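The values are calculated or read from the model by the stated rules, or taken from the named source; none is laboratory data. The structure displayed is predicted, hence computed values, not measured ones. Cβ atoms come from the backbone with ideal geometry, glycine included; neighbour counts cover every protein chain shown.
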Amino acid sequence: MDAASPRQENVVGTLALLRYKLTDYNLIFTDRRIIAFKTGAAPVAELAALIDGASGRMKIHLPVGLTYPSDMFDRILAAHPKNFQVMYEDVDRGLFNAGISGLTMPMLKLWMKERYVFFAFMKSALWKDKNQIRLAKEILTRTLSTKIEMKHV
């Protein structure tokens, strides 16, 4: 890729309706980073390719390797002050705990040098959403395989 061509990122997958600090987020996992954007706070034009037109909900099963310009994700990040990113190289370690159905909620914890993030899987607040858990395991295995520990999966 020459200097004049825009940077590209491959989408590895998405997870919807995760809670961090009392705010609901959707996560886009690319080959470089995790984009965490507040539910309902991303520019519609940027998400057109990620939204199911019939239901208006975020597509959960994106084809692996779908490529987008990096600046599209940068615009999503800039759309709301609570949106943020996690670069994979900044993650020291992670824990994905799928929880115990009816007792504990699935969660994803990521530790970095400067901070710690904790996402609760709200779709599985009462009963484990097995499809979301399977998808999370697949995405995390592809993106953070050497840094993530899996429990109850």
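Here are a few things to note about the model shown:
- Flag for Tyr88 being closer than 15 Å to Arg19 by Cα and not hydrophobic (A, V, I, L, M, F, W, C): no
- Of the residues in the range 92-101, none is modelled with pLDDT under 95 and part of a helix (DSSP H, G or I).
- The one condition in (1) farther than 18 Å from Ile28 by Cα; (2) touching a strand residue (DSSP E or B) at 6+ places or on another chain (Cβ under 8 Å) that Glu138 fails to fulfil: (1)
- Hits in the range 80-91 (condition: loosely packed, with under 12 Cβ neighbours inside 10 Å and in a loop (DSSP other than H, G, I, E, B)): Pro81
- Residues in the range 115-152 that are within 18 Å of Val86 (Cβ to Cβ), touching a residue at least 12 places away in the same chain (Cβ under 8 Å) and either in a loop (DSSP other than H, G, I, E, B) or touching an Asp or Glu at 6+ places or on another chain (Cβ under 8 Å) (or both): Phe121, Thr143, Lys147.
- Evaluation of Gln85 against the conditions (1) at pLDDT below 90; (2) under 22 Å from Lys147 (Cβ atoms); (3) not hydroxyl-bearing (Ser, Thr, Tyr) shows that the sole unmet condition is (1).
- The range 102-114, subset surrounded by 15 or more Cβ atoms within 10 Å (Cβ to Cβ) and outside any strand (DSSP E or B), residue nearest to the chain's Cα centre (by Cα): Pro106
- Residues of the range 142-153 satisfying the condition of being exposed (fewer than 14 other Cβ atoms within 10 Å of the Cβ) and over 15 Å from Arg33 (Cβ atoms): Ser145, Thr146, Glu149, Lys151, His152
- Close pairs from the range 15-32: first buried (at least 23 other Cβ atoms within 10 Å of the Cβ), partner at pLDDT 90 or above and among the β-branched types (Val, Ile, Thr), Cβ under 6 Å, at least 6 apart: Ile28/Ile35; Phe29/Ile139; Phe29/Thr143
- Filter result for Phe37 (at pLDDT 60 or above, in contact with a helix residue (DSSP H, G or I) (Cβ under 8 Å, 6 or more places away or on another chain), more than 19 Å from Lys147 (Cα to Cα) and crowded, with 18+ Cβ neighbours inside 10 Å): yes
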